[in-house]
Amino acid sequence: MAQSHGESLDRFCLTDSGQELLWQKWDDAFVLFQPSSAETHFINEISAFILERLAQEPVGLETLGKLIDMEFEQVGEKIIPEALDFWINRLEELGLIDRVDGISASL
Amino acid sequence: MRVNDCTAVQIKRLLKSSEFNVQLGPFQIRIFSNIASLVPLLSQLYHFYPVVRQDSISDLHIKIAYPRGLRHWYRRQAVFSIDGGQPFAPYAIEHAFPALEWGINWCIATRAHHLLMLHSAVVERNGHAILFPAWPGHGKSTLCAALVFSGWRLLSDEFGLVRPEDGVLLPIPRLIPLKNESIDVIRQFCPEAVIGPSFFKTRKGTVAHVIPPEDSIHRMDEPAKPRWLIFPRWVANAPLSLEPIPKSQAFLMVATNAFNYEVLDQTAFRLVTDMVKDCDCYSLVYSDLNQAVTAIDELTRSNHG
(Lines give C-alpha, C1' and ligand atoms only; values in the text may rest on other atoms or scores of the structure.)
Protein backbone atom coordinates (compact mmCIF):
# COMPACT_ATOMS: atom_id res chain seq x y z
CA MET A 1 0.00 0.00 0.00
CA ALA A 2 1.22 3.49 -0.75
CA GLN A 3 2.48 5.48 2.20
CA SER A 4 1.58 9.01 3.18
CA HIS A 5 1.96 11.90 0.77
CA GLY A 6 4.81 13.37 2.83
CA GLU A 7 8.46 12.51 2.79
CA SER A 8 8.15 8.94 1.59
CA LEU A 9 11.30 7.39 0.28
CA ASP A 10 9.27 5.17 -2.03
CA ARG A 11 9.68 5.71 -5.68
CA PHE A 12 7.44 4.01 -8.19
CA CYS A 13 8.17 2.65 -11.62
CA LEU A 14 6.30 0.77 -14.32
CA THR A 15 6.37 -3.00 -14.10
CA ASP A 16 6.99 -5.12 -17.17
CA SER A 17 3.21 -5.39 -17.51
CA GLY A 18 2.92 -1.62 -17.29
CA GLN A 19 5.43 -1.17 -20.05
CA GLU A 20 3.66 -3.39 -22.54
CA LEU A 21 0.21 -1.81 -22.27
CA LEU A 22 -1.82 -0.94 -25.35
CA TRP A 23 -3.44 2.47 -25.03
CA GLN A 24 -6.46 4.14 -26.52
CA LYS A 25 -7.69 7.58 -25.50
CA TRP A 26 -11.40 8.19 -25.85
CA ASP A 27 -12.71 11.61 -24.90
CA ASP A 28 -11.59 12.05 -21.28
CA ALA A 29 -11.14 8.34 -20.57
CA PHE A 30 -8.33 5.97 -21.37
CA VAL A 31 -8.72 2.32 -22.20
CA LEU A 32 -5.72 0.10 -21.60
CA PHE A 33 -5.21 -3.46 -22.65
CA GLN A 34 -2.83 -5.42 -20.44
CA PRO A 35 -1.44 -8.36 -22.44
CA SER A 36 -0.03 -10.12 -19.37
CA SER A 37 -3.50 -10.53 -17.87
CA ALA A 38 -5.60 -10.12 -21.04
CA GLU A 39 -7.62 -7.53 -19.12
CA THR A 40 -8.97 -4.24 -20.37
CA HIS A 41 -8.90 -1.32 -17.95
CA PHE A 42 -10.71 2.00 -17.99
CA ILE A 43 -8.73 4.71 -16.24
CA ASN A 44 -9.07 8.46 -15.83
CA GLU A 45 -6.70 11.18 -16.99
CA ILE A 46 -4.80 11.37 -13.71
CA SER A 47 -4.09 7.64 -13.62
CA ALA A 48 -3.01 7.85 -17.24
CA PHE A 49 -0.73 10.77 -16.38
CA ILE A 50 0.85 8.74 -13.57
CA LEU A 51 1.57 5.86 -15.93
CA GLU A 52 2.96 8.17 -18.60
CA ARG A 53 5.19 9.94 -16.07
CA LEU A 54 6.48 6.69 -14.59
CA ALA A 55 7.26 5.44 -18.08
CA GLN A 56 9.91 8.19 -18.25
CA GLU A 57 11.59 7.49 -14.91
CA PRO A 58 10.83 6.31 -11.36
CA VAL A 59 9.17 9.05 -9.30
CA GLY A 60 8.31 9.40 -5.61
CA LEU A 61 4.86 10.18 -4.29
CA GLU A 62 5.60 13.74 -3.30
CA THR A 63 7.02 14.59 -6.72
CA LEU A 64 4.13 12.84 -8.41
CA GLY A 65 1.67 14.96 -6.44
CA LYS A 66 3.43 18.15 -7.53
CA LEU A 67 3.59 17.04 -11.15
CA ILE A 68 -0.12 16.24 -11.13
CA ASP A 69 -0.93 19.63 -9.61
CA MET A 70 1.10 21.32 -12.35
CA GLU A 71 -0.38 19.23 -15.15
CA PHE A 72 -3.96 19.78 -14.09
CA GLU A 73 -3.46 23.35 -12.86
CA GLN A 74 -6.37 24.70 -14.87
CA VAL A 75 -8.76 22.53 -12.88
CA GLY A 76 -7.92 24.75 -9.93
CA GLU A 77 -7.85 22.07 -7.25
CA LYS A 78 -4.77 20.46 -5.77
CA ILE A 79 -4.69 16.70 -5.55
CA ILE A 80 -5.25 15.44 -2.05
CA PRO A 81 -2.91 12.76 -0.68
CA GLU A 82 -5.76 10.29 -0.14
CA ALA A 83 -6.75 10.52 -3.79
CA LEU A 84 -3.18 9.99 -4.94
CA ASP A 85 -2.87 7.03 -2.58
CA PHE A 86 -6.06 5.58 -4.05
CA TRP A 87 -4.85 5.78 -7.64
CA ILE A 88 -1.38 4.49 -6.79
CA ASN A 89 -2.88 1.57 -4.90
CA ARG A 90 -5.19 0.79 -7.79
CA LEU A 91 -2.35 0.79 -10.32
CA GLU A 92 -0.27 -1.38 -7.97
CA GLU A 93 -3.16 -3.85 -7.61
CA LEU A 94 -3.40 -4.12 -11.37
CA GLY A 95 0.31 -4.93 -11.46
CA LEU A 96 1.11 -1.94 -13.62
CA ILE A 97 3.44 -0.13 -11.19
CA ASP A 98 5.70 -1.16 -8.33
CA ARG A 99 8.09 0.37 -5.77
CA VAL A 100 11.68 0.72 -6.84
CA ASP A 101 13.59 1.32 -3.64
CA GLY A 102 11.30 2.22 -0.80
CA ILE A 103 11.64 -1.00 1.16
CA SER A 104 15.37 -1.40 0.74
CA ALA A 105 15.99 2.27 1.61
CA SER A 106 14.13 1.93 4.89
CA LEU A 107 16.10 -1.11 6.04
CA MET B 1 -27.52 -25.76 -56.07
CA ARG B 2 -29.94 -24.40 -53.51
CA VAL B 3 -32.29 -26.06 -51.11
CA ASN B 4 -35.22 -25.18 -53.37
CA ASP B 5 -33.66 -27.28 -56.11
CA CYS B 6 -34.25 -30.32 -53.90
CA THR B 7 -37.50 -32.18 -53.59
CA ALA B 8 -38.87 -33.05 -50.16
CA VAL B 9 -37.84 -36.65 -50.75
CA GLN B 10 -34.29 -35.56 -51.52
CA ILE B 11 -34.11 -33.34 -48.43
CA LYS B 12 -35.34 -36.19 -46.27
CA ARG B 13 -32.73 -38.51 -47.74
CA LEU B 14 -29.95 -35.93 -47.31
CA LEU B 15 -30.94 -35.33 -43.68
CA LYS B 16 -31.02 -39.01 -42.88
CA SER B 17 -27.63 -39.64 -44.45
CA SER B 18 -25.93 -36.58 -42.85
CA GLU B 19 -25.53 -35.05 -46.28
CA PHE B 20 -27.71 -31.98 -45.82
CA ASN B 21 -24.79 -29.56 -45.98
CA VAL B 22 -25.77 -25.91 -46.24
CA GLN B 23 -23.76 -22.73 -46.51
CA LEU B 24 -24.66 -20.16 -43.85
CA GLY B 25 -22.35 -17.21 -44.38
CA PRO B 26 -18.77 -18.30 -43.72
CA PHE B 27 -19.86 -21.63 -42.25
CA GLN B 28 -20.74 -24.93 -43.85
CA ILE B 29 -23.16 -26.75 -41.63
CA ARG B 30 -23.98 -30.41 -42.00
CA ILE B 31 -27.25 -31.49 -40.45
CA PHE B 32 -28.43 -34.97 -39.62
CA SER B 33 -32.04 -35.55 -38.71
CA ASN B 34 -34.57 -38.35 -38.66
CA ILE B 35 -37.44 -36.02 -37.74
CA ALA B 36 -39.77 -35.99 -40.69
CA SER B 37 -41.56 -32.80 -39.66
CA LEU B 38 -38.36 -30.82 -40.25
CA VAL B 39 -38.40 -31.58 -43.97
CA PRO B 40 -41.20 -29.20 -45.06
CA LEU B 41 -39.85 -26.50 -42.73
CA LEU B 42 -36.35 -26.68 -44.14
CA SER B 43 -37.79 -26.82 -47.63
CA GLN B 44 -39.82 -23.66 -47.02
CA LEU B 45 -37.53 -21.59 -44.79
CA TYR B 46 -34.13 -22.58 -46.19
CA HIS B 47 -35.09 -22.57 -49.84
CA PHE B 48 -32.72 -19.71 -50.84
CA TYR B 49 -29.68 -21.18 -49.10
CA PRO B 50 -26.93 -22.95 -51.06
CA VAL B 51 -26.44 -26.66 -50.63
CA VAL B 52 -22.74 -27.44 -50.54
CA ARG B 53 -20.95 -30.32 -52.26
CA GLN B 54 -21.05 -33.44 -50.17
CA ASP B 55 -17.30 -33.99 -50.26
CA SER B 56 -16.47 -30.54 -48.85
CA ILE B 57 -15.36 -30.12 -45.26
CA SER B 58 -18.08 -28.89 -42.90
CA ASP B 59 -17.48 -26.51 -40.02
CA LEU B 60 -20.23 -27.96 -37.86
CA HIS B 61 -21.74 -31.44 -37.78
CA ILE B 62 -25.10 -31.09 -36.12
CA LYS B 63 -27.69 -33.65 -35.24
CA ILE B 64 -31.29 -33.06 -34.27
CA ALA B 65 -33.07 -36.32 -33.80
CA TYR B 66 -35.42 -38.41 -31.73
CA PRO B 67 -33.85 -39.67 -28.52
CA ARG B 68 -32.53 -43.19 -28.53
CA GLY B 69 -34.16 -46.09 -26.76
CA LEU B 70 -37.60 -46.32 -25.24
CA ARG B 71 -37.93 -42.59 -24.76
CA HIS B 72 -38.32 -42.35 -28.52
CA TRP B 73 -41.68 -44.10 -28.17
CA TYR B 74 -43.26 -42.81 -24.99
CA ARG B 75 -42.14 -39.21 -25.15
CA ARG B 76 -41.81 -37.45 -28.47
CA GLN B 77 -38.77 -35.28 -28.13
CA ALA B 78 -36.02 -33.74 -30.24
CA VAL B 79 -32.44 -33.90 -29.03
CA PHE B 80 -29.87 -31.45 -30.36
CA SER B 81 -26.31 -32.70 -30.38
CA ILE B 82 -22.94 -31.77 -31.78
CA ASP B 83 -19.79 -33.87 -31.80
CA GLY B 84 -21.59 -36.47 -29.71
CA GLY B 85 -22.45 -34.02 -26.91
CA GLN B 86 -25.92 -32.79 -25.99
CA PRO B 87 -25.62 -29.20 -24.77
CA PHE B 88 -29.35 -28.75 -24.13
CA ALA B 89 -32.14 -30.69 -22.49
CA PRO B 90 -34.41 -32.40 -25.03
CA TYR B 91 -37.05 -30.23 -26.68
CA ALA B 92 -40.66 -31.05 -27.38
CA ILE B 93 -40.80 -32.52 -30.86
CA GLU B 94 -42.97 -29.61 -32.01
CA HIS B 95 -40.07 -27.28 -31.23
CA ALA B 96 -37.44 -29.17 -33.20
CA PHE B 97 -37.03 -26.41 -35.76
CA PRO B 98 -36.47 -23.50 -33.34
CA ALA B 99 -34.20 -25.84 -31.37
CA LEU B 100 -32.15 -26.41 -34.49
CA GLU B 101 -31.89 -22.66 -35.10
CA TRP B 102 -30.88 -21.89 -31.51
CA GLY B 103 -28.45 -24.78 -31.52
CA ILE B 104 -26.70 -23.57 -34.65
CA ASN B 105 -26.31 -20.11 -33.11
CA TRP B 106 -24.95 -21.64 -29.91
CA CYS B 107 -22.43 -23.71 -31.84
CA ILE B 108 -21.20 -20.67 -33.75
CA ALA B 109 -21.00 -18.50 -30.62
CA THR B 110 -18.98 -21.11 -28.72
CA ARG B 111 -16.68 -22.27 -31.50
CA ALA B 112 -15.95 -19.68 -34.19
CA HIS B 113 -13.09 -18.05 -32.33
CA HIS B 114 -11.17 -17.30 -35.50
CA LEU B 115 -13.56 -14.32 -35.72
CA LEU B 116 -14.50 -11.63 -33.23
CA MET B 117 -18.19 -12.24 -32.57
CA LEU B 118 -20.37 -9.39 -31.38
CA HIS B 119 -23.91 -9.97 -30.18
CA SER B 120 -25.30 -7.62 -32.75
CA ALA B 121 -27.59 -7.26 -35.71
CA VAL B 122 -25.87 -5.93 -38.82
CA VAL B 123 -27.36 -4.37 -41.94
CA GLU B 124 -25.68 -2.72 -44.91
CA ARG B 125 -26.44 -0.20 -47.61
CA ASN B 126 -24.04 1.26 -50.19
CA GLY B 127 -21.14 -0.63 -48.67
CA HIS B 128 -21.59 0.85 -45.19
CA ALA B 129 -22.81 -1.26 -42.32
CA ILE B 130 -24.72 -0.44 -39.17
CA LEU B 131 -24.15 -2.60 -36.13
CA PHE B 132 -26.90 -2.84 -33.53
CA PRO B 133 -25.23 -4.39 -30.49
CA ALA B 134 -27.87 -5.18 -27.88
CA TRP B 135 -28.89 -7.51 -25.13
CA PRO B 136 -31.85 -9.87 -25.63
CA GLY B 137 -35.18 -8.11 -25.40
CA HIS B 138 -33.93 -4.74 -26.65
CA GLY B 139 -35.72 -5.03 -29.98
CA LYS B 140 -32.66 -5.79 -32.09
CA SER B 141 -34.20 -8.50 -34.28
CA THR B 142 -37.45 -6.62 -34.82
CA LEU B 143 -35.61 -3.48 -35.89
CA CYS B 144 -33.31 -5.53 -38.06
CA ALA B 145 -36.23 -7.26 -39.80
CA ALA B 146 -37.90 -3.91 -40.45
CA LEU B 147 -34.71 -2.48 -41.96
CA VAL B 148 -34.05 -5.41 -44.30
CA PHE B 149 -37.50 -4.91 -45.74
CA SER B 150 -36.79 -1.18 -46.11
CA GLY B 151 -33.84 -1.35 -48.47
CA TRP B 152 -31.04 -2.58 -46.23
CA ARG B 153 -29.13 -5.80 -46.81
CA LEU B 154 -29.12 -8.29 -43.95
CA LEU B 155 -25.72 -9.40 -42.72
CA SER B 156 -27.07 -10.89 -39.53
CA ASP B 157 -29.70 -10.38 -36.89
CA GLU B 158 -27.51 -12.03 -34.23
CA PHE B 159 -23.80 -11.98 -35.03
CA GLY B 160 -21.46 -9.16 -35.88
CA LEU B 161 -18.72 -11.35 -37.32
CA VAL B 162 -15.53 -9.32 -37.50
CA ARG B 163 -12.66 -10.67 -39.58
CA PRO B 164 -9.42 -10.07 -37.66
CA GLU B 165 -7.30 -9.55 -40.77
CA ASP B 166 -9.07 -6.39 -41.90
CA GLY B 167 -11.93 -5.64 -39.50
CA VAL B 168 -14.68 -6.11 -42.08
CA LEU B 169 -18.01 -7.68 -41.19
CA LEU B 170 -18.82 -11.07 -42.66
CA PRO B 171 -22.46 -11.75 -43.51
CA ILE B 172 -24.31 -14.65 -41.99
CA PRO B 173 -27.85 -13.93 -43.19
CA ARG B 174 -29.72 -16.55 -41.22
CA LEU B 175 -33.43 -16.64 -40.59
CA ILE B 176 -34.57 -13.83 -38.29
CA PRO B 177 -36.37 -15.27 -35.27
CA LEU B 178 -39.14 -13.07 -33.95
CA LYS B 179 -40.70 -13.52 -30.56
CA ASN B 180 -44.21 -12.92 -29.28
CA GLU B 181 -45.61 -9.48 -30.19
CA SER B 182 -42.80 -8.82 -32.65
CA ILE B 183 -44.28 -11.35 -35.05
CA ASP B 184 -47.41 -9.30 -35.66
CA VAL B 185 -45.44 -6.07 -35.60
CA ILE B 186 -43.36 -7.25 -38.56
CA ARG B 187 -46.39 -8.74 -40.32
CA GLN B 188 -47.97 -5.28 -40.24
CA PHE B 189 -44.78 -3.40 -41.02
CA CYS B 190 -43.87 -5.44 -44.09
CA PRO B 191 -46.72 -7.65 -45.30
CA GLU B 192 -44.48 -8.94 -48.09
CA ALA B 193 -42.12 -10.59 -45.59
CA VAL B 194 -42.33 -14.38 -45.62
CA ILE B 195 -42.70 -15.58 -42.07
CA GLY B 196 -42.72 -19.25 -41.19
CA PRO B 197 -45.14 -20.94 -38.84
CA SER B 198 -45.41 -19.81 -35.24
CA PHE B 199 -44.05 -22.17 -32.61
CA PHE B 200 -46.03 -21.73 -29.41
CA LYS B 201 -44.88 -22.19 -25.81
CA THR B 202 -41.21 -22.59 -26.64
CA ARG B 203 -38.54 -21.75 -24.05
CA LYS B 204 -38.63 -18.20 -25.45
CA GLY B 205 -42.39 -17.88 -25.86
CA THR B 206 -43.95 -17.88 -29.31
CA VAL B 207 -41.33 -17.85 -32.04
CA ALA B 208 -41.56 -17.45 -35.82
CA HIS B 209 -38.81 -17.08 -38.39
CA VAL B 210 -38.54 -14.47 -41.12
CA ILE B 211 -36.87 -15.50 -44.36
CA PRO B 212 -34.33 -12.83 -45.30
CA PRO B 213 -34.71 -11.22 -48.71
CA GLU B 214 -33.21 -13.39 -51.44
CA ASP B 215 -30.64 -10.71 -52.29
CA SER B 216 -29.18 -10.83 -48.77
CA ILE B 217 -28.68 -14.59 -49.00
CA HIS B 218 -27.37 -14.39 -52.55
CA ARG B 219 -24.72 -11.86 -51.40
CA MET B 220 -23.62 -13.75 -48.29
CA ASP B 221 -20.00 -13.67 -49.44
CA GLU B 222 -19.86 -9.84 -49.68
CA PRO B 223 -18.42 -8.31 -46.51
CA ALA B 224 -19.11 -4.74 -45.42
CA LYS B 225 -17.25 -2.08 -43.51
CA PRO B 226 -18.63 -0.91 -40.16
CA ARG B 227 -19.77 2.71 -40.34
CA TRP B 228 -22.29 3.22 -37.53
CA LEU B 229 -22.70 1.69 -34.11
CA ILE B 230 -26.26 2.15 -32.88
CA PHE B 231 -27.26 0.70 -29.52
CA PRO B 232 -31.02 0.10 -29.72
CA ARG B 233 -33.50 -0.27 -26.91
CA TRP B 234 -37.21 -0.74 -27.35
CA VAL B 235 -39.18 0.92 -24.55
CA ALA B 236 -42.97 0.83 -24.56
CA ASN B 237 -44.48 4.25 -25.33
CA ALA B 238 -41.09 5.97 -25.30
CA PRO B 239 -40.58 8.93 -27.62
CA LEU B 240 -37.95 8.39 -30.28
CA SER B 241 -34.44 9.33 -29.24
CA LEU B 242 -31.36 8.91 -31.44
CA GLU B 243 -28.43 10.61 -29.73
CA PRO B 244 -24.66 10.46 -30.16
CA ILE B 245 -22.79 8.77 -27.35
CA PRO B 246 -19.14 9.12 -26.26
CA LYS B 247 -16.75 6.71 -27.92
CA SER B 248 -15.48 5.54 -24.53
CA GLN B 249 -19.00 4.39 -23.71
CA ALA B 250 -19.38 2.76 -27.11
CA PHE B 251 -16.10 0.91 -26.63
CA LEU B 252 -17.21 -0.41 -23.27
CA MET B 253 -20.59 -1.51 -24.61
CA VAL B 254 -19.12 -3.28 -27.65
CA ALA B 255 -16.38 -5.00 -25.66
CA THR B 256 -18.75 -6.28 -23.00
CA ASN B 257 -21.28 -7.33 -25.60
CA ALA B 258 -18.89 -9.55 -27.58
CA PHE B 259 -19.21 -13.32 -27.32
CA ASN B 260 -15.46 -13.88 -27.29
CA TYR B 261 -13.65 -10.62 -26.44
CA GLU B 262 -11.66 -12.36 -23.68
CA VAL B 263 -10.78 -15.29 -25.92
CA LEU B 264 -9.18 -13.12 -28.58
CA ASP B 265 -7.19 -10.96 -26.15
CA GLN B 266 -5.18 -8.26 -27.87
CA THR B 267 -6.75 -8.94 -31.24
CA ALA B 268 -10.19 -8.16 -29.83
CA PHE B 269 -8.95 -4.94 -28.22
CA ARG B 270 -7.48 -3.81 -31.53
CA LEU B 271 -10.57 -4.76 -33.54
CA VAL B 272 -13.02 -3.06 -31.17
CA THR B 273 -10.80 0.02 -30.96
CA ASP B 274 -10.59 0.30 -34.74
CA MET B 275 -14.31 -0.27 -35.12
CA VAL B 276 -15.25 2.41 -32.61
CA LYS B 277 -12.77 4.82 -34.22
CA ASP B 278 -14.30 4.23 -37.65
CA CYS B 279 -17.94 4.45 -36.56
CA ASP B 280 -20.30 7.18 -35.50
CA CYS B 281 -21.87 5.98 -32.28
CA TYR B 282 -25.49 6.49 -31.22
CA SER B 283 -27.99 5.38 -28.67
CA LEU B 284 -31.48 4.66 -30.00
CA VAL B 285 -34.57 4.44 -27.83
CA TYR B 286 -37.79 3.71 -29.70
CA SER B 287 -41.27 2.37 -29.39
CA ASP B 288 -42.58 3.07 -32.91
CA LEU B 289 -40.84 0.98 -35.55
CA ASN B 290 -41.72 3.35 -38.42
CA GLN B 291 -40.17 6.28 -36.59
CA ALA B 292 -37.03 4.30 -35.82
CA VAL B 293 -36.56 3.17 -39.42
CA THR B 294 -37.13 6.73 -40.70
CA ALA B 295 -34.67 8.19 -38.18
CA ILE B 296 -32.00 5.67 -39.13
CA ASP B 297 -32.63 6.36 -42.80
CA GLU B 298 -32.24 10.12 -42.29
CA LEU B 299 -29.15 9.72 -40.14
CA THR B 300 -27.37 7.48 -42.60
CA ARG B 301 -28.31 9.53 -45.67
CA SER B 302 -27.17 12.82 -44.12
CA ASN B 303 -24.03 11.33 -42.65
CA HIS B 304 -22.93 9.09 -45.44
CA GLY B 305 -19.26 8.58 -46.19
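Based on what the data block shows, is B:Arg68 out of contact with any Asp or Glu (no Cβ under 8 Å at 6 or more places or on another chain), among the basic types (Lys, Arg) and assigned by TED's automatic domain parsing to the domain that holds B:Asp274? The answer is no for B:Arg68. Select from region A:40-61 the residues that are more than 12 Å from the chain's Cα centre (by Cα) and surrounded by 15 or more Cβ atoms within 10 Å (Cβ to Cβ) and list them in ascending order. Within region A:40-61, A:Thr40, A:His41 meet the criteria. For region A:9-36, the candidate set comprises residues that are crowded, with 17+ Cβ neighbours inside 10 Å and aliphatic (A, V, I, L, M); within that set, the residue that is farthest from the other protein chains (Cβ to nearest Cβ) is A:Leu14. Given the condition in a helix (DSSP H, G or I), over 24 Å from B:Phe269 (Cβ atoms) and away from every other protein chain (no Cβ under 14 Å), answer yes or no: does some residue in region A:41-61 qualify? Yes: region A:41-61 contains one or more residues that are in a helix (DSSP H, G or I), over 24 Å from B:Phe269 (Cβ atoms) and away from every other protein chain (no Cβ under 14 Å).
Kindly indicate which of B:Ala99, B:Ala121, B:Ala112 is more than 19 Å from B:Pro177 (Cα to Cα), within 15 Å of the chain's Cα centre (by Cα) and of a type in the set (A, V, I, L, M). That would be B:Ala112, the only listed residue that is more than 19 Å from B:Pro177 (Cα to Cα), within 15 Å of the chain's Cα centre (by Cα) and of a type in the set (A, V, I, L, M). Every condition in (1) aromatic (Phe, Trp, Tyr); (2) more than 17 Å from the chain's Cα centre (by Cα); (3) more than 15 Å from B:Phe199 (Cβ to Cβ) holds for B:Tyr91 except the one numbered (3). How many residues, within region B:228-265, are more than 25 Å from B:Tyr286 (Cβ to Cβ), surrounded by 13 or more Cβ atoms within 10 Å (Cβ to Cβ) and without any contact (Cβ under 8 Å) to a residue 24 or more places away in the chain? Final tally of qualifying residues: 1. Of all residues in region B:266-277, those being touching a residue at least 60 places away in the same chain (Cβ under 8 Å) and under 19 Å from B:Glu124 (Cβ atoms) number 3.
Restricting B:Ser58, B:Ser81, B:Ser43, B:Ser18 to residues that are surrounded by 15 or more Cβ atoms within 10 Å (Cβ to Cβ), at pLDDT below 95 and under 21 Å from the mean Cα position of the chain (by Cα) narrows the list to B:Ser58. When region B:209-227 is limited to residues that are acidic (Asp, Glu) and touching a strand residue (DSSP E or B) at 6+ places or on another chain (Cβ under 9 Å), the one that is surrounded by the most Cβ atoms within 10 Å (Cβ to Cβ) turns out to be B:Glu222. Could you tell me whether B:Ile108 is surrounded by 23 or more Cβ atoms within 10 Å (Cβ to Cβ), touching a residue at least 40 places away in the same chain (Cβ under 8 Å) and of a type in the set (A, V, I, L, M)? Spelling it out, B:Ile108 is indeed surrounded by 23 or more Cβ atoms within 10 Å (Cβ to Cβ), touching a residue at least 40 places away in the same chain (Cβ under 8 Å) and of a type in the set (A, V, I, L, M). If you go through region B:279-293 and keep only what is among the aromatic types (Phe, Trp, Tyr) and surrounded by fewer than 18 Cβ atoms within 10 Å (Cβ to Cβ), you end up with nothing. Whenever a residue of region B:177-189 is in a strand (DSSP E or B), its partners that are buried (at least 16 other Cβ atoms within 10 Å of the Cβ), lying with C-beta atoms within less than 6 angstrom and at least six residues away or across chains, give the pairs B:Pro177/B:Val207; B:Pro177/B:His209; B:Leu178/B:Ile186; B:Leu178/B:Ala208; B:Lys179/B:Val207. For region B:221-305, the strands (runs of 3 or more DSSP E) that sit wholly inside it and include 1 or more residues that are within 14 Å of another protein chain (Cβ to nearest Cβ) and of a type in the set (A, V, I, L, M) are B:225-234. Every listed requirement among (1) closer than 19 Å to B:Pro212 by Cβ; (2) of a type outside the set (Asp, Glu); (3) surrounded by fewer than 16 Cβ atoms within 10 Å (Cβ to Cβ) is met by B:Gly69 save one, (1).
The values are calculated or read from the model by the stated rules, or taken from the named source; none is laboratory data. Bear in mind that the values here come from a model prediction, so they are computed numbers and not experimental data. Cβ atoms come from the backbone with ideal geometry, glycine included; neighbour counts cover every protein chain shown.
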